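Chemist: Sharing a structure here in structure tokens format.
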Amino acid sequence: MKEEECRVSANTVLQGRYYMMKLESEYISEKSEPGNFVMIAVSGSHDPLLKRPFGIFKTDPPYFYIYYEVVGRGSKLMALKKEGEQVMVVGPLGNSFPKYENENILIVGGGRGIAPLYFALEKYTGSNNISLIYGARSKDDLLFTEKLKKFPLKETAFYTDDGSGFTKGFVTSDIKQIIVRNGINVTFSCGPDKMFESLNKEIGNFNIRNFVSLEAFMGCGFGICYSCVVKGSDGKYKKVCSDGPVFRMEEIKWQT
Amino acid sequence: MADLTADLGFIKLKNPVIPASGTFGYGGEFLQFFDLDLLGAFVMKGVYTDERGGNEPPRILETPSGLLNSIGLAGPGAEGLTGIIKDVASKTLTPIIVNVCGGSDDEYLEVARVLDVMKEVAMLELNISCPNVRAGGRCPAQSVTDTKRVVKLIKKNTEKPLIVKLSPNVSDISSIALSAEEAGADAISVVNTFLGLALDIEKRKPVFKNFFAGLSGPAIKPLALKIVWEVANAVSIPVIGIGGITTGRDVLEFILAGAAAIQTGTVNIVEPTGSVRIINETRELMDKLKINKLEEIRGCLEI
């Protein structure tokens, strides 16, 4: 990992609150793996003070892409960045989804959690049989469906909470059948905490390898401030930034 | 080119910039960003006798130009730390300072004893000022008698130079600093974080489980600078200034206020290479202002 100034090559609104930033860094774009994230300085001043974590959506050296939702002050400032501006970036950070070959993998994305999973699809579809479940609040929050359909996937299922545009339901609605139907032995998931909770309830006891990529409010992003901790199933705190963000589902102590 | 040597009396550092406890991990985490030999010294995260998990989240909250934290000194415990110290020491010649914590006098003593026998440890920093462990932010550094007692006890039982880290959450910092000096402290480091409170109006509850939290970052710089000036005027041992330093100019301001060296804190969290940038900026500014050595301005405030 490095701390370096990166040039914003593009920063465009995709739809509603959803944006894509294209940044230039040979180092980060070449070193990044699916699951890795970067910390980006959203302001050039002390306010807001902390860099913000963003999962890497894809790489195309010397470029890497950040797909983000404007939800608070930090992401609002991100959205204001113009092409040609320089931003300080630390990365790539964290661990990544394991590299498998010839496995039947199910990818489960919730909302903006699709970002690191899109990267996983780009990197891993060639060498594995992959199925995809992707859900969000409404069709306005479910981006890239057409692009995703172009991957050679065994099965795809899109859901919206309110039924707009796609099947009404949650990513867990048909997950058991999809797992059985496709002989799934590995899952990669990323989304809101609530999604993980229901995933754990539905498939936590399946005899398959479930990997979750967690989101957290972070201080440093590289393991020194001990802020972004989650309780592990062993009762000990784990740092999302440097022990993760990718964990085996059973490593985490879930509420349910 | 300006000479950045910082003279603490018992040790000469190649420059005055020392990343502070709790903002620099155990040093090794920063090896991927820069060579630790560039630093004047660095302070490892505070350690107790036993392994500690730290406080229940949330642990940080961003404030205007500042950071409130309630980490609660998570760490591996003194014995667990010895291996980490040896490993980092094999990768740098920069003096390693270890921040010593304790829930009781006995615990401070036990931690100090474990570290005292380690040749890899250059100095101890006695943390009698962490606001995030006891209820209400209480700590020994809030009382003259507690400060004197703990410092005397540790000083008697260690061969290492002893830096005593004080709290800004007191009414008369000079008397506390003097009591540490009288008890044998070799240097004072000030300030630890300022106690702050964050509230959640929707839940009508405090944000942090521990109620109070510690404020750091650029927001506290003027407050810290004032305290450093007061302490430097009160004691004759070296003072290490801490509080919101983010630039070379900040460093020279603390030196001018009377600090012999400084510690960088929150900047290390926000900008991993920040301390190195600050060292370079300090040198550049000294050259520009024609300051050859830090001693030329240390405590030389014209008023």
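Here, each number is a calculation from the coordinates, and none is a lab measurement. Just so you know, these numbers come straight off a predicted model, no measurement behind them. Every residue, glycine as well, gets a Cβ built from its backbone with ideal geometry; the counts of neighbours run over all protein chains shown.
Chemist: Angle check, please: helix A:114-124 long axis (alpha carbons) against the longest principal axis of chain A (alpha carbons), in degrees 0 to 90, nearest 10.
Modeler: For A:114-124 against chain A, the angle is about 70 degrees.
Chemist: How crowded by other chains is B:25-37, given as the mean number of beta carbons from other chains within 10 Å of each beta carbon?
Modeler: 2
Chemist: Here is a further query. With a 10 Å Cβ neighbour count serving as the proxy for reagent exposure, in which order, fewest first, do B:Asp37, B:Asp146 appear?
Modeler: B:Asp37, B:Asp146
Chemist: Set Lys and Arg Cβ to +1 and Asp and Glu Cβ to -1, take the dipole of segment B:25-83 about its Cα centre, and tell me which of B:Gly28, B:Ala41, B:Leu67 lies farthest positive.
Modeler: The one lying farthest along the dipole's positive direction is B:Leu67.
Chemist: Each label point is 7 Å from the Cα along the Cα-to-Cβ direction; what then is the distance between the points at A:Leu153 and A:Thr125, in nm?
Modeler: For A:Leu153 paired with A:Thr125, the spin-label model returns 0.9 nm.
Chemist: Hey, with R₀ at 30 Å, roughly what FRET efficiency would A:Arg181 and A:Arg248 work out to, going by the Cβ-Cβ distance, to 0.05?
Modeler: 0.80
Chemist: Just counting partner chain Cβ atoms within 10 Å, what average do the residues of peptide A:83-90 show around their Cβ?
Modeler: That average works out to 1.
Chemist: Are there any trypsin sites (Lys or Arg not before Pro) in segment B:225-303 that are in a DSSP loop and have at most 12 other Cβ atoms within 10 Å? List them by number.
Modeler: Sparse-neighbourhood loop trypsin sites (Lys or Arg not before Pro): B:Lys290.
Chemist: Go through B:Leu197, B:Leu109, B:Ser167 and say which Cα lies farthest out towards the positive end of the charge dipole of segment B:106-223; charges sit on Cβ, +1 for Lys and Arg, -1 for Asp and Glu.
Modeler: Of the candidates, B:Leu197 comes out farthest on the positive side.
Chemist: On to the next question. Find which of B:Thr147, A:Leu50, B:Thr5 sits farthest along the positive direction of the dipole of the protein assembly as shown, computed with +1 on the beta-carbon of Lys and Arg, -1 on that of Asp and Glu, about the Cα centre.
Modeler: In the protein assembly as shown, that residue is A:Leu50.
Chemist: Compute the acute angle (0 to 90°) between the alpha-carbon long axis of helix A:193-203 and the principal axis of greatest extent of the alpha-carbon atoms of chain A; round to the nearest 10°.
Modeler: The two axes meet at around 20 degrees.
Chemist: Taking 41 Å as R0, compute the FRET efficiency from the Cβ-Cβ separation of B:Arg149 and A:Glu202 and round it to 0.05.
Modeler: With a Förster radius of 41 Å, E is 0.10.
Chemist: Shifting gears a bit: Rounded to the nearest 20 debye, what is the charge dipole size of segment A:64-212 about its Cα centre when +1 sits on each Lys and Arg Cβ and -1 on each Asp and Glu Cβ?
Modeler: 80 debye
Chemist: How big is the dipole moment of the protein assembly as shown about its Cα centre under a simple scheme where the beta carbon of each Lys and Arg is +1, that of each Asp and Glu is -1, and everything else is neutral? Debye, nearest 20, please.
Modeler: With only Lys, Arg, Asp and Glu charged at Cβ, the dipole is about 1060 debye.
Chemist: Now, a different point. With an 8 Å cut-off on Cα pairs and a minimum separation of 6 or more residues, tell me the relative contact order of segment B:1-82 in percent.
Modeler: 24 percent
Chemist: B:Ser90 versus A:Glu4, label points 7 Å from Cα toward the beta carbon: distance in nm?
Modeler: With each label point 7 Å from Cα toward Cβ, the separation is 3.0 nm.
Chemist: Please build a GNM for chain A, connecting alpha carbons under 10 Å apart, and tell me which residue among A:Gly94, A:Gly204, A:Gly44 fluctuates the most.
Modeler: Fluctuation is largest for A:Gly44.
Chemist: Now for a separate question. Across chain B, where is the longest run that never hits GluC sites (Glu not before Pro) in a DSSP loop with at most 10 other C-beta atoms within 10 Å?
Modeler: B:1-158
Chemist: Between B:Asp200 and A:Leu80, what is the label-point separation in nm under the 7 Å Cα-to-beta-carbon projection?
Modeler: It works out to 2.8 nm between the two label points.
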